[in-house]
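Visitor: Structure in structure tokens, see below.
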């Protein structure tokens, strides 16, 4: 296993790693809309937060030697299912290969954010 860590994506807010590469696959922890340079959640609504999450996912993928087009599966978490359409509008610009996906609404997300995305990709 190879640990993946980059300062171009937010540091973990708990006892976990940004990602690992194992057997040719990237297993990335969920990314939330923290601006890495500031260490703070980006201001704005679901569209702005989804954009930042997707950028953060991209940075973790790049650090692992992967990219959006190698993503096999995503799991997406929304604080409010009413944000589904707006989230999808942003998500679809990044994940153009249309990986397998689960998208669920949850009661709460870390730091009160509106969305989170985790991915599995080819390395």
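Only the coordinates and a few stated rules stand behind these numbers; no lab work does. Keep in mind that this is a model prediction, so the values were computed, not measured. Neighbour counts run over all protein chains shown; Cβ positions are idealised from the backbone, glycine included.
Visitor: Confirm whether residue 78 is over 15 Å from residue 119 (Cβ atoms), touching a residue at least 24 places away in the same chain (Cβ under 8 Å) and surrounded by 14 or more Cβ atoms within 10 Å (Cβ to Cβ).
Guide: Working: over 15 Å from residue 119 (Cβ atoms): yes; touching a residue at least 24 places away in the same chain (Cβ under 8 Å): yes; surrounded by 14 or more Cβ atoms within 10 Å (Cβ to Cβ): yes.
Criteria met by residue 78.
Visitor: Further question on the same structure: Failed condition for residue 43, given (1) touching a strand residue (DSSP E or B) at 6+ places or on another chain (Cβ under 8 Å); (2) under 18 Å from residue 110 (Cβ atoms), with all others met?
Guide: Unmet for residue 43, out of (1) touching a strand residue (DSSP E or B) at 6+ places or on another chain (Cβ under 8 Å); (2) under 18 Å from residue 110 (Cβ atoms): (1).
Visitor: Confirm whether residue 92 is touching a residue at least 40 places away in the same chain (Cβ under 8 Å), out of contact with any strand residue (DSSP E or B) (no Cβ under 6 Å at 6 or more places or on another chain), over 28 Å from residue 1 (Cβ atoms) and in a helix (DSSP H, G or I). Even if it seems obvious, please write down each step before you answer.
Guide: Details: touching a residue at least 40 places away in the same chain (Cβ under 8 Å): no; out of contact with any strand residue (DSSP E or B) (no Cβ under 6 Å at 6 or more places or on another chain): yes; over 28 Å from residue 1 (Cβ atoms): yes; in a helix (DSSP H, G or I): yes.
Here the answer is no, as residue 92 does not meet what is asked.
Visitor: Filter the stretch 3-33 for residues that are more than 24 Å from residue 78 (Cα to Cα) and in contact (Cβ under 8 Å) with a residue 24 or more places away in the chain; which is surrounded by the fewest Cβ atoms within 10 Å (Cβ to Cβ)?
Guide: Of everything passing the filter in the stretch 3-33, 24 is surrounded by the fewest Cβ atoms within 10 Å (Cβ to Cβ).
Visitor: Considering only residues of the stretch 107-123 that are touching a strand residue (DSSP E or B) at 6+ places or on another chain (Cβ under 6 Å) and over 17 Å from residue 45 (Cα atoms), which is surrounded by the most Cβ atoms within 10 Å (Cβ to Cβ)?
Guide: 119
Visitor: Here is a follow-up. Considering the stretch 37-60 alone, what residues qualify as being over 16 Å from residue 98 (Cα atoms) and in contact with a helix residue (DSSP H, G or I) (Cβ under 7 Å, 6 or more places away or on another chain)? Give the derivation first.
Guide: Looking only at the stretch 37-60, we keep the residues that are over 16 Å from residue 98 (Cα atoms), and these are 37-53, 55-56, 59-60.
Passing the criteria: 41, 42, 46, 47, 50, 51.
Visitor: Here is a check on your reading of the model: is residue 66 within 16 Å of the chain's Cα centre (by Cα), in a loop (DSSP other than H, G, I, E, B), farther than 19 Å from residue 108 by Cα and touching a residue at least 40 places away in the same chain (Cβ under 8 Å)?
Guide: Details: within 16 Å of the chain's Cα centre (by Cα): yes; in a loop (DSSP other than H, G, I, E, B): yes; farther than 19 Å from residue 108 by Cα: yes; touching a residue at least 40 places away in the same chain (Cβ under 8 Å): yes.
Against the criterion (within 16 Å of the chain's Cα centre (by Cα), in a loop (DSSP other than H, G, I, E, B), farther than 19 Å from residue 108 by Cα and touching a residue at least 40 places away in the same chain (Cβ under 8 Å)), residue 66 qualifies.
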